[in-house]
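Engineer: If you scroll down you'll find the structure; I have some questions about it.
The values are calculated or read from the model by the stated rules, or taken from the named source; none is laboratory data. All figures in this text were calculated on a predicted structure; none of them were measured in a lab. Cβ coordinates were reconstructed from backbone atoms using ideal geometry, including for glycine residues, and neighbour counts include every protein chain displayed.
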Amino acid sequence: MDVMMVKYAGTMLAAGIGIPILAALNAALGARLGSPVAAAVVLFCVALCVVLLAYAAVGRGALTGLGTAPKHLFLGGTFVAFYVLTITWAAPKFGVGNAVFFVLLGQLISAAAIDHFGLFGAQISPLGLTRALGIGVMGLGVFITQLA
């Protein structure tokens, strides 16, 4: 594995670590405010500030192609909002671990389909027996966590 692959893997590991933390923090904020939607609004305001700072630091000029981008590419924001709203609502009642485990299972299934078919311009990586078995084992792991 080359150095860039290790950097990508480490960065994505950190992002993965952050997802349950985000879920727990926003669920607690939603409970304190009495509204998961209000907590999501706060989260997105903070996130927008952070992203604007990052854009100011490195992104100048990158928005010039925005008008020519296919409109379906903007749906990513809808999925982010759906995730934040649902995890903020479900985690206090269902448990952060349970909620994130099912999110992870959904991510594995969706990622495998996107890679297999090269959807949205993704690099094609066929779903072979080994990958399918890995996803099955992960799914079994989610099921086992629900038995406790």
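The rows are residues; the columns are (1) among the β-branched types (V, I, T); (2) in contact with an Asp or Glu (Cβ under 8 Å, 6 or more places away or on another chain); (3) not assigned by TED's automatic domain parsing to the domain that holds L133.
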position	(1), (2), (3)
G77	no, no, yes
F82	no, no, yes
T88	yes, no, yes
L104	no, no, no
I114	yes, no, no
F117	no, no, no
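Engineer: Something else about it: Can you name every one of the helices (runs of 4 or more DSSP H) wholly within region 23-136 that holds 2 or more residues which are closer than 25 Å to L147 by Cβ? Give the derivation first.
Structural biologist: On the way: elements: 36-58, 76-94, 96-117.
Helices (runs of 4 or more DSSP H) meeting the threshold: 76-94, 96-117.
Engineer: Among all residue pairs at least 6 apart or on different chains, which show Cβ distances below 6 Å where the first residue, located in region 14-36, is free of Cβ contacts under 8 Å to residues at least 12 places away in the same chain and the second is surrounded by 14 or more Cβ atoms within 10 Å (Cβ to Cβ) and assigned to a helix (DSSP H, G or I)?
Structural biologist: L33/A39
Engineer: Something else: Among the residues of region 34-64 satisfying the criterion of being farther than 24 Å from T88 by Cβ and among the β-branched types (V, I, T), which is modelled with the highest pLDDT?
Structural biologist: Going residue by residue through region 34-64, those that are farther than 24 Å from T88 by Cβ are 55-64.
Still in the running and among the β-branched types (V, I, T): 58, 64.
Numbers: V58: 91, T64: 87.
The residue in question is V58.
Engineer: Considering only region 62-81, state which residues are more than 26 Å from L43 (Cα to Cα) and either in contact (Cβ under 8 Å) with a residue 40 or more places away in the chain or of a type in the set (G, A, S) (or both). It would help to see each step written out before you state the result.
Structural biologist: In the first step, residues of region 62-81 are kept if they are more than 26 Å from L43 (Cα to Cα); the result is 64-65, 67-70.
Listed by number, the residues that qualify are G65, G67, A69.
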